[in-house]
Amino acid sequence: MNIGIISFAHMHAYSYASALKKLPGVRLSAIYDDEEERGKKAAEMFGAAYDRDLERFLHRDLQAVIVCSENSRHRYFVEKAAKAKKHILCEKPIATNLEDARAMIEVCEKNGVILQIAFPVRFLEPIARLKKMIQEHRFGEIIAIRTTNRGQNPGGWFTDKRLSGGGAVIDHTVHMVDIMRWYLGKEVKEVYAQTGTVFGARGIDDAGLLTLTFENGVVASHDASWSRNKNFPTWGDVTIEVLGTEGRAVVDAFKEHVEVFSDRGKPFIRDFYGFDMDYGLIRDFVQCVREGREPSITGYDGLKAVEVALAAYESAAKKAPVLL
């Protein structure tokens, strides 16, 4: 199977490319990037052809593409790829507004191609194990959930709202909303949020606290921020606490690590040795394409996750809850 990557603007493109190289029967065949220097470097790094012309790239013998451009450009690239009959894995968030998200879903359905959204957190083993335990009713009826996704400020285009759609709230909310929807099988009906710039970002939010109410009455809180400084031993965290009528579970998804002290680079790091969630995501996408089945994480999943993040911004601006 030949797969191409559209843009290395997002840093996840590098880990996705590495994952493709590990999969049997899969070839990272070509890379498109309108930033020539970046694209050529990536192509050389991963042994792929480089195209600066998108039409030429899409005319190659590719069964699927991975879109890792700036968030606001997702719709453009997805529409182009769908019309070229390429199956698509799109980096999160699916889009920066709901109109674009709906258009992306529609064009992929019309052209009969898969649209999967990159929510790799589903493929972290502790997160998947907790999903199974919830399905087995180990905690009784779920009452409340508390989550965090706190990381470092990526800088660059992530802090340009025209390209990113927002700061830490859109960047670090969609992951955990997707997990909560996956666990509960229910939708968020109300969002209340406070957002701010408190960790040194300029002109964009780098912190947010959200309170979510699901349609079945479950109340959830989420801490989304770029609160980790450059010397913090990991890029961030993924934690979730689930409270039920018969039990409670707490997951720190990156707890599987060894502590490394060194005279080079950072003096202290936490070297993660658990399952590679990006590899799990890419492997699942490839299996979906091979089997011609519905993707594990659909365009609709992407739409519902970003809907909550956008509602959080609306709530913060109004200083009032927003109903979905």
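The values are calculated or read from the model by the stated rules, or taken from the named source; none is laboratory data. Just so it is clear, the model here is predicted, and its values are computed rather than measured. Because the Cβ atoms are built from the backbone with ideal geometry, glycine has one as well, and the counts that use them run over all protein chains shown. These area figures cover heavy atoms from the full protein model, side chains too; ligands, DNA and RNA do not enter into them. Shrake-Rupley method; radii C 1.70, N 1.55, O 1.52, S 1.80 Å.
Can E215 be described as among the charged types (D, E, K, R) and open to solvent by less than 70 Å² (accessible area, probe 1.4 Å)?
no
Determine, yes or no, whether G166 is in contact with a strand residue (DSSP E or B) (Cβ under 9 Å, 6 or more places away or on another chain), more than 18 Å from D301 (Cα to Cα) and touching a residue at least 40 places away in the same chain (Cβ under 8 Å).
yes
Among residues belonging to segment 167-197 that are surrounded by fewer than 17 Cβ atoms within 10 Å (Cβ to Cβ) and in a loop (DSSP other than H, G, I, E, B), point out the one that is farthest from the chain's Cα centre (by Cα).
That would be T197.
Residues of segment 1-17 being part of a helix (DSSP H, G or I), in contact with an Asp or Glu (Cβ under 8 Å, 6 or more places away or on another chain) and open to solvent by 20 Å² or more (accessible area, probe 1.4 Å), which ones?
Residues satisfying the conditions are H12, S15.
Taking segment 120-155 only, how many residues are assigned to a helix (DSSP H, G or I) and either open to solvent by less than 40 Å² (accessible area, probe 1.4 Å) or more than 20 Å from C90 (Cα to Cα) (or both)?
So the count comes out to 14.
Filtering segment 81-91 down to residues that are touching a strand residue (DSSP E or B) at 6+ places or on another chain (Cβ under 6 Å) and open to solvent by less than 10 Å² (accessible area, probe 1.4 Å), which residue is farthest from A13 (Cα to Cα)?
A81
Quick test for you: out of R138, R102, pick the one residue that is among the basic types (K, R) and not assigned by the TED database to the domain that holds R56.
The conditions single out R138.
How many residues does segment 222-237 hold that are surrounded by 12 or more Cβ atoms within 10 Å (Cβ to Cβ) and either over 27 Å from V306 (Cβ atoms) or over 19 Å from the mean Cα position of the chain (by Cα) (or both)?
2
The conditions are (1) modelled with pLDDT of 95 or more; (2) open to solvent by 30 Å² or more (accessible area, probe 1.4 Å), and I240 fails exactly one of them. Which is it?
(2)
What is the number of the single condition among (1) under 23 Å from the mean Cα position of the chain (by Cα); (2) modelled with pLDDT under 95 that P267 does not meet?
Of everything listed in (1) under 23 Å from the mean Cα position of the chain (by Cα); (2) modelled with pLDDT under 95, P267 misses just condition (1).
Quick test for you: out of K266, K319, pick the one residue that is out of contact with any helix residue (DSSP H, G or I) (no Cβ under 6 Å at 6 or more places or on another chain), at positive phi and assigned by the TED database to the domain that holds V198.
Going through K266, K319 in turn, just one is out of contact with any helix residue (DSSP H, G or I) (no Cβ under 6 Å at 6 or more places or on another chain), at positive phi and assigned by the TED database to the domain that holds V198: K319.
Looking only at segment 117-126, count how many residues are farther than 16 Å from Y76 by Cα and modelled with pLDDT of 95 or more.
Of the residues in segment 117-126, 6 are farther than 16 Å from Y76 by Cα and modelled with pLDDT of 95 or more.
Residue-wise test of (1) farther than 16 Å from A101 by Cα; (2) β-branched (V, I, T); (3) at pLDDT 95 or above; (4) open to solvent by 10 Å² or more (accessible area, probe 1.4 Å).
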| residue | (1), (2), (3), (4) |
| --- | --- |
| E35 | yes, no, yes, yes |
| K41 | yes, no, yes, yes |
| G47 | yes, no, yes, yes |
| H59 | yes, no, yes, yes |
| C68 | no, no, yes, no |
| S72 | no, no, yes, yes |
| Y76 | no, no, yes, yes |
| E79 | no, no, yes, yes |
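Within segment 43-64, is even one residue touching a Gly at 6+ places or on another chain (Cβ under 7 Å), closer than 28 Å to G167 by Cα and not in a helix (DSSP H, G or I)?
Within segment 43-64, none of the residues are touching a Gly at 6+ places or on another chain (Cβ under 7 Å), closer than 28 Å to G167 by Cα and not in a helix (DSSP H, G or I).
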